[in-house]
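Only one structure is covered here, and it is reproduced in the block below.
The values are calculated or read from the model by the stated rules, or taken from the named source; none is laboratory data. Every value quoted in this text rests on a predicted model; they were computed, and no experiment measured them. Cβ placement follows ideal geometry from the backbone for every residue including glycine, while neighbour counts extend to all protein chains displayed. To get the accessible areas, we keep the full protein, side chains included, count just its heavy atoms, and leave off ligands, DNA and RNA. Shrake-Rupley method; radii C 1.70, N 1.55, O 1.52, S 1.80 Å.
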Amino acid sequence: MTAAGTADTAGQWVFGGVDSHADTIHVAVVTDNGGHLADAEFPTTPAGYTAALAFLGAHGDVIAIGVEGTASYGTGFTCAARTDGLSVVEVNRPDRAERRRSGKSDPIDAYAAARAALSGRASSAPKDETVTGIRALHNAARSTVKARTAAMNQIGHILIGAPDTIRARYRALRGKPLVDALARLRPAGDAVHAGVLTALKSLARRVQALATEHDKLTAALDDMVTGHNPGLRAAYGVGPDTAAQLLITAGGNPDRLRTEASFAALCGAAPVPASSGKTNRHRLSRGGDRAANAALYRIALVRMASDSRTRDYVARQTAAGRTKKEIIRLLKRAIAREVFRCLTTTVTVPEIADLRPARQAKNITLTAVANHFGVWPAVISCIERGTRRDDDLANAYRDWLTTA
């Protein structure tokens, strides 16, 4: 530990900075005019967090603490500090130019975090713990998709170099039919055939197990996301995966999102000024959370394919001479605006639980309903189960059931 001066610190305003790691945190203290006071290292244990907070408090009245990695290595300290009533702000790691100029060490990073909290450059509140379960399920579900894709690629590579008899037998099959056929194999023949068939059977069963696991994780994720923010989940084109990603990006505490424009910038969906001299223009933002940007992109594709209002909008923009990429960028910006409203306000979700019992009480089939409204039976089934939101169709369906 280092210290600067031994003057009485009673009533002095100070700011803290924390550089967090897996096993240790490095804490630094600066005065309200940026002067370095002290820094020290503590273990990432409850006792270590208590000692770190006592160390900060011993140098004066702590106004705010800047923490790197509030949602990762700094989670424990952040929770302890907030429980103690202290203000914690999230600090991004220093950019490369500053690191080249100032060097890289734990004390340097801790003091930089403290100065960021002092200057106001770091002002975002840390994410609370309400989305921790959603993040865990989302990561687990996505990992099953990656593992399943890897197993499918391995099957394809093995079939490329397999004996002619095996290649000819399974050449016409793709996807699930191929996996199901390989999972039913009974390896036999010489050593080469038996080895190839055993490997294919093992990989096929792995794909089936991963698919089952993914379905279970997605169902659990859907329940948790719907319970956390039913308005977001009910928005058109927002599925369990995209809703989870947007909640993870925004955090469970809506006070982190100050404006709709800042949320769009966070998702990389806000245009960036690129003007100079007589040139006045904007360019595409390639910053922000790219996973959130990808979620907005998937929502836009769903709406372009099946939402009548979006399709009409695309037709108008196409007629105006805009390209598909430009239209998707406009849609992502509009979707970010809608998502921000769902995240920061309570959006009432229309009740649909009465639709199926009312239809069944009158012995009306899904096909009859679908024929009346000119849609597929699956659309009516999705509306009844709440997996697809179409308020206009749901209201018209309810009115029709009342008079049928």
> With the radius of gyration and the Kirkwood radius both derived from the Cα set of the range 116-241, what is their ratio Rg to Rh?
Replying inline: 1.23
>> If I ignore ligands, DNA and RNA and count only protein heavy atoms, how much of LYS325 is accessible to a 1.4 Å probe, in Å² to the nearest 10?
In response: 150 Å²
> Going out from 0 in 20 Å bins, what whole percent of all Cα-Cα distances in the chain drops into each bin?
Replying inline: 20, 40, 32, 8, 0
> Roughly what % of DSSP beta bridges within the chain run antiparallel, to the nearest 5?
Replying inline: 65 percent
>> Of GLY120, ALA54, GLN317, which is farthest towards the positive pole of the chain's charge dipole, taken about the Cα centre with +1 and -1 on the beta-carbons of Lys, Arg and Asp, Glu respectively?
In response: GLN317
> At a 1.4 Å probe radius, carbon and sulfur cover how many percent of the accessible area of the range 66-169?
Replying inline: 50 percent
>> For the range 245-322, report the % of Cα-Cα distances exceeding 15 Å.
In response: 68 percent
> Which one of ALA270, CYS382, PHE15 is farthest out on the positive end of the charge dipole of the chain, using unit charges on Cβ (Lys, Arg +1; Asp, Glu -1) and the Cα centre as origin?
Replying inline: CYS382
> Counting Lys +1, Arg +1, Asp -1, Glu -1, what net charge surrounds GLU68 among other residues with beta carbon under 12 Å of its beta carbon?
Replying inline: -3
> How would TRP13, TRP376 rank on accessible area, largest to smallest, probe 1.4 Å?
Replying inline: TRP376, TRP13
> If you take all C-alpha pairs in the range 69-168, what percent of them are over 23 Å apart?
Replying inline: 54 percent
> What is the magnitude of the charge dipole of the range 107-226 about its Cα centre, with +1 placed on the Cβ of each Lys and Arg, -1 on the Cβ of each Asp and Glu, and no other charges, expressed in debye to the nearest 20?
Replying inline: 440 debye
>> Compute the helix-to-body angle for 46-57: its Cα long axis versus the longest principal axis of the chain, expressed 0 to 90° and rounded to tens.
In response: 40 degrees
>> Taking θ = phi - 60°, what integer Hz values does the Karplus form 6.51 cos²θ - 1.76 cosθ + 1.60 yield along the range 130-147, in sequence order, with x for Gly and Pro?
In response: 6, 9, 4, x, 5, 4, 5, 5, 5, 5, 5, 5, 5, 5, 5, 5, 5, 5
>> Sort 256-267, 208-219, 15-26 by the packing proxy (mean of other Cβ within 10 Å over each peptide's residues), most packed first.
In response: 15-26, 256-267, 208-219
>> Given bins 10 angstrom wide, list per bin the percent of all Cα-Cα distances in the range 31-82, short to long.
In response: 22, 57, 21, 0
>> Through the Karplus equation 6.51 cos²θ - 1.76 cosθ + 1.60, θ set to phi - 60°, convert the phi angles of the range 304-314 into ³J(HN,Hα) values in whole Hz; use x for Gly and Pro.
In response: 5, 8, 9, 9, 5, 5, 5, 5, 5, 5, 4
> What accessible area per residue comes out for the range 38-129, rounded to a whole number of Å², with a 1.4 Å probe?
Replying inline: 49 Å²
> What is the total of Lys pairs in the chain with C-alpha atoms under 20 Å apart, excluding same-chain pairs fewer than 8 positions apart?
Replying inline: 6
>> Restricting to Cα atoms and excluding each atom paired with itself, what does the Kirkwood estimate give for the range 158-307 in Å?
In response: 19.7 Å
